[in-house]
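Engineer: Next up is a structure, given as structure tokens.
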Number of protein chains: 2
Amino acid sequence: MSTEGSSTPSSTTPSAGAADLAARLDDLRRAYADLQARGLKLDLTRGKPSAEQLDLSEALLALPGAGTHTAEDGSDTRNYGGLAGLPELRRIFAELLGVPVDQLLAQGNASLTLMYDTVVQALLFGVPGSERPWSREEQITFVCPVPGYDRHFAICEELGIRMVTVPMTPDGPDAEAVAALVADDPTVKGLWVVPTYANPDGSVVSEAVARRLVSMPAAAPDFRIFWDNAYAVHHLTEHEAKSANALDLAAEAGHPDRVLMYASTSKITFAGSGVAFFASSPANVSWFTKHLGIRSIGPDKINHLRHATFFGDAEGVRNHMRKHREILAPKFRAVVDILDERLGDSGVATWTRPDGGYFVSVDVVPGTAARVVQLAKEAGIALTPAGATFPYHQDPDDRNLRLAPTMPPLDEVRVAMDGVATCILLAAAEATAS
Amino acid sequence: MSTEGSSTPSSTTPSAGAADLAARLDDLRRAYADLQARGLKLDLTRGKPSAEQLDLSEALLALPGAGTHTAEDGSDTRNYGGLAGLPELRRIFAELLGVPVDQLLAQGNASLTLMYDTVVQALLFGVPGSERPWSREEQITFVCPVPGYDRHFAICEELGIRMVTVPMTPDGPDAEAVAALVADDPTVKGLWVVPTYANPDGSVVSEAVARRLVSMPAAAPDFRIFWDNAYAVHHLTEHEAKSANALDLAAEAGHPDRVLMYASTSKITFAGSGVAFFASSPANVSWFTKHLGIRSIGPDKINHLRHATFFGDAEGVRNHMRKHREILAPKFRAVVDILDERLGDSGVATWTRPDGGYFVSVDVVPGTAARVVQLAKEAGIALTPAGATFPYHQDPDDRNLRLAPTMPPLDEVRVAMDGVATCILLAAAEATAS
């Protein structure tokens, strides 16, 4: 994430220029009325790929092709078995994720499911190093960097896991805040991390932060980092961030079992019809596989073969992602350009300039995020609900907005963002005037 | 299941003729030595489809085809969403399973996973009607008809669920034995049933047994029948058994939420790359979907579209299954013919004559099943381990063998079965002589 300029996200309150804004309230109300009069119907809510992106993988729809069903080891991918997933596909993603192929499983269509199932297995059985199943503990706590991914928080909420928050920084979660919680509180069993181009703030975990997280002392002997590398190869610029190699670093630090890594092709090929991956230490992989073997005879190996055939090798994935970049970079540039242009001097918001991933995170005047979403909705622009990036949907400062510009066409992104800027300004002016 | 003739499975001990056998011990030892000398390498262990069966679905490997990704409702199957599965595929299987399409979910590649996840959800959250999550009960018990499906029992074993057994009959589980357990014991929360062409004994639940099971009083208000209709359309003869419509019958009986129904295309199209289904009452479907929505954004809808395109309609599935039948019927006939021929007069075994499904169940002289498997193994014929069809792999009478003739070519089935017959006879003779 770029940290240059005045639009760097910070924990300070955007306020300079707010007084000017109040004076402009009538102008902004007129601008908003004009916006409403346009009768828009635009959607920046979710991180979905656009049809143009999905078209990049159209060849998959006819793969592996009649007669092509034999794995490189000679086995028939059409039949049962192969619990760990197809080796040729695992090899490609082992290279991309920087993990040994033996420690990487290729599974179904969603890393979200693998994460949920990991937590459920921990609840039912405990993880290697647990004294008892997590469900038998009085309380389980996960550390949740905020703003963060709403579906991580939903897993915790569903499973009765207490969530405590730490702030995000441009280098990932605030490692010292995490370390303090983990060192002192034996109920802290988990930490959510999106290490590369985080949802929503686009930050990349630095090597230093990664080292701190894998080496910090933990009160719980079975503390785990859920390292959700959802955007590992999802670059928006030529500066391709390389994720810290968390598994290696954890092993070096003497905590080989601390990191559980997840990834998928959901935003590489087809959302919902891709392949999800799980990587961890040999002990964790063995633990996960043992329980997996009771609920599954094996994953969809034909979909694995389909993907392996489509990509060919790791470079094939990288080349494919450059095509995504060509489609996405202009949309993200439009978002940032319009925010710069419309709000750059206003002092009412800060926003990220992501080098990858699927989101732009905007911090508006505290207490106005929900109002911005409401104003946008009433002008026909759907935004992710305020609070979505916090546990229990509660943004304590009512400040953060997550913008998802990937799905609409570029011209719609521009129109929507101009409207969003108007809503941000109006909400700020209203708040100042009141 | 045919119940004609002396080879009907029964609960009596095969013993007539055993004395004659002992006299033949030397002959049988010679025959077995000849068998070993052949250096066979044959496998009757698992219910896997053969390559010839898999070839029937070869067209799937190039489907849905480039440019084909739009669902009949106009949505893009390549993108996220559609948690309940693709409506056009659900409609086909709703007709085949006799359930309303709104009460049928199409999901991932394995009904086993859906069953496991249902039990896990029940443990974590309880089911509609539960007083508390099942995991907070002192004990949970499932009724397990035996012989039965090893993976059902493995789920219970893994999750710490006590198993009590009831005998199978030609009409399904012994309904009176089930009813007695369910009426008296509030810890009994579940019953496993494979209603059509049961694994391994091929029996079909009669309408009368189905009615009894769905209407019997239960001490637990949240008792559930896991109705695993894995072989609903897997006929081996022109007499196509029709499963009792358990959902309708349960609703009529005033227990609409009692039945959880599962099915899949694993043995229709590709094992491991098919589509699994879950059907139940509106309350159960809503309960299941609510939790599913936390762990999944949606299933692989392209695989759903691939299957819907391949089948066209329910009649397409029926026609496709007739092609399977043409391949499988001769193999099952060979198994039964060789058993009839080699063992028909011996009195040392009884066996099933299934009209569908994937298995032949053989009861040998009590105390010799494990010996038969060992003898077969040492002659190069792999059989499912003795005890596999019982909870904890413990057949109390060491009597039941599950034969799976689907995968090997017909000539290998013949050779293997002739060898198995020799092993059964030798084990019986050894037991009588000792």
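Engineer: Amide H of A:Arg399: which non-local residues (sequence gap of 5 or more, or other chain) have their own amide H closer than 5 Å, using H built in the peptide plane?
Structural biologist: So A:Arg399 has HN proximity to A:Gly367, A:Ala369.
Engineer: Defining the label point at 7 Å along Cα→Cβ, can you sort the distances from B:Gly129 to the same site in each other copy, shortest first, in nm?
Structural biologist: 4.3
Engineer: Now for a separate question. With the label 7 angstrom out along Cα to Cβ, how close does B:Ser75 come to the same site in each of the other copies, in nm, nearest first?
Structural biologist: Spelled out, the distances from B:Ser75's label point are 3.3 nm.
Engineer: Distance in nm between label sites at B:Leu410 and A:Glu207, each 7 Å beyond Cα in the beta-carbon direction?
Structural biologist: 6.6
Engineer: Moving to a separate point now. Residue by residue, what Karplus-based ³J(HN,Hα) values in Hz, rounded to whole numbers, does segment B:257-271 have, using 6.51, -1.76 and 1.60 with θ = phi - 60° and x for Gly and Pro?
Structural biologist: Calculated HN-Hα couplings, in order: 9, 6, 9, 10, 9, 10, 7, 7, 9, 4, 10, 10, 10, 10, 5 Hz.
Engineer: Moving on. For segment A:236-375, compute the orientation-averaged projected area of the C-alpha convex hull (one quarter of its surface), in nm².
Structural biologist: Numbers: hull surface 52.0 nm².
It is 13.0 nm².
Engineer: Whose amide H sits under 5 Å from the amide H of B:Ala382, counting only residues 5 or more places off or on another chain, with H placed in the peptide plane?
Structural biologist: For B:Ala382, the qualifying residues are B:Leu42, B:Asp43, B:Leu44.
Engineer: Now a separate question. Sorted from shortest, what are the nm distances separating the label point of B:Asp397 from equivalent points in the other copies, each placed 7 Å from Cα along Cα to C-beta?
Structural biologist: 7.4
Engineer: In nm, to one decimal, how far is the modelled label at B:Asp27 from the one at B:Glu240, with both set 7 Å along Cα→Cβ?
Structural biologist: Placing both labels 7 Å beyond Cα along the Cβ direction yields 4.6 nm.
Engineer: Please compute the average number of Cβ atoms from other chains found within 10 Å of each residue's Cβ in peptide B:112-124. Provide the component values of the computation, followed by the final result.
Structural biologist: Numbers: counts 4, 8, 1, 1, 6, 5, 0, 1, 6, 1, 0, 4, 7.
Average per residue, whole number: 3.
Engineer: Kindly identify segment B:36-191 as rounded, prolate or oblate by the Cα gyration tensor criterion: order the square roots of the eigenvalues as a ≥ b ≥ c, call it rounded if a/c is under 1.5, otherwise compare a/b with b/c, prolate if a/b is larger, else oblate. Walk me through the intermediate numbers first.
Structural biologist: Details: a/c = 2.25, a/b = 1.26, b/c = 1.79.
Since a/c reaches 1.5 but b/c is at least a/b, the shape of segment B:36-191 is classed as oblate.
Engineer: On a 29 Å Cα-Cα criterion, which of the cross-link pairs A:Lys48/A:Lys290; B:Lys189/B:Lys242; A:Lys290/B:Lys377; B:Lys242/B:Lys323; B:Lys267/B:Lys377; A:Lys323/B:Lys290 come out too long?
Structural biologist: Numbers: A:Lys48/A:Lys290 33 Å; B:Lys189/B:Lys242 27 Å; A:Lys290/B:Lys377 26 Å; B:Lys242/B:Lys323 19 Å; B:Lys267/B:Lys377 27 Å; A:Lys323/B:Lys290 36 Å.
Violating the 29 Å limit, Cα to Cα: A:Lys48/A:Lys290; A:Lys323/B:Lys290.
Engineer: Where the eigenvalues come from the Cα gyration tensor of the protein assembly as shown, what are the semi-axes √(5λ) of the equivalent ellipsoid, largest first, in whole Å?
Structural biologist: Working: eigenvalues 626, 140, 139 Å².
Ellipsoid semi-axes (Å, largest first): 56, 26, 26.
Engineer: Let me ask something else about it. Could you give the angle, 0 to 90 degrees to the nearest 10, between helix A:369-378's Cα long axis and the longest principal axis of the Cα atoms of chain A?
Structural biologist: 80
Engineer: Taking only Cα atoms and a 10 Å spring cutoff, compute GNM fluctuations for chain A and point out the largest among A:Asn79, A:Asn400, A:Asn229.
Structural biologist: Result for chain A, Cα springs under 10 Å: A:Asn79 fluctuates most.
Engineer: Still on this model: What does the helix-only formula give at 222 nm for chain B: each DSSP H stretch with n ≥ 4 adding -39500 (n - 2.57), the total divided by the residues, and the result rounded to the nearest 500 deg cm²/dmol?
Structural biologist: Working: 14 runs with 174 residues, N = 434.
Theoretical 222 nm ellipticity from helices: -12500 deg cm²/dmol.
Engineer: Still on this model: Can you list, bin by bin at 10 Å, the percent of alpha carbon pairs in segment A:48-114, starting at 0?
Structural biologist: 17, 38, 39, 7
Engineer: Something else: Please report the spacing between the Cα centers of segment B:192-216 and segment A:170-215 in Å, no decimals.
Structural biologist: So the two Cα centres are separated by 53 Å.
Engineer: Over the alpha-carbon set of chain B, work out the extent along each principal axis and list the three values in angstrom, largest first.
Structural biologist: Between the extreme Cα coordinates on each principal axis of chain B lie 71, 55, 34 Å.
Engineer: A follow-up question, please. Would you compute the Debye intensity of segment A:124-244 from its alpha-carbon atoms alone, equal scatterers and no solvent, and pass along log10 I(q)/I(0) at q = 0.09, 0.14, 0.19 Å⁻¹ to two decimals?
Structural biologist: -0.24, -0.58, -1.01
Engineer: Please state the shape class of segment B:79-312: rounded when a/c is under 1.5, otherwise prolate if a/b exceeds b/c and oblate if not, all from the C-alpha gyration tensor.
Structural biologist: Values: a/c = 1.70, a/b = 1.24, b/c = 1.37.
Verdict is oblate for segment B:79-312.
Engineer: Identify all aspartates and glutamates with a Cα-Cα distance to A:Lys301 below 15 Å; exclude those on the same chain that are fewer than 8 residues away in sequence.
Structural biologist: In chain and number order, the partners are A:Glu72, A:Asp73, A:Asp76, A:Glu88, B:Glu58, B:Asp300.
Engineer: What is the mean projected area of the alpha carbon convex hull for segment A:358-414, to one decimal in square nanometres?
Structural biologist: Values: hull surface 16.2 nm².
Here the figure is 4.0 nm², rounded to one decimal.
Engineer: Tilt of helix B:175-184 relative to the longest C-alpha principal axis of chain B, in degrees (0 to 90, nearest 10)?
Structural biologist: 60
Engineer: Taking the C-alpha atoms of segment B:175-317, how large are the radius of gyration and the largest Cα-Cα span, Dmax, in Å?
Structural biologist: Values for segment B:175-317 (Cα only, Rg and Dmax): 16.5, 49 Å.
Engineer: Follow-up question, since we're still on this one. Run the numbers for A:Ala66 and A:Asp184: contour at 0.36 nm per residue of separation, minus the present Cα-Cα distance, in nm. Numbers along the way, then the final one.
Structural biologist: Details: separation 118, 0.36 × 118 = 42.48 nm, distance 5.81 nm.
So the extension gain works out to 36.7 nm.
Engineer: What is the Rg over Rh value, at two decimals, for segment B:305-434, using alpha-carbon atoms and the Kirkwood definition of Rh?
Structural biologist: On the way: Rg = 17.1 Å, Rh = 15.9 Å.
Using Cα coordinates only, the ratio equals 1.08.
Engineer: Another one. Distance in nm between label sites at A:Glu252 and A:Asn319, each 7 Å beyond Cα in the beta-carbon direction?
Structural biologist: Label-label distance for A:Glu252 and A:Asn319, simple model: 3.3 nm.
Engineer: A further question follows. Distance from the Cα centre of segment A:126-152 to that of segment A:31-87, in angstrom?
Structural biologist: Going from one Cα centre to the other spans 31 Å.
Just so you know, all these numbers are worked out from the coordinates, no wet-lab data involved. Because the structure is predicted, anything quoted here is derived from the model rather than measured. Using ideal geometry, Cβ is built from the backbone for each residue, glycine included, and neighbour counts are taken over all protein chains shown.
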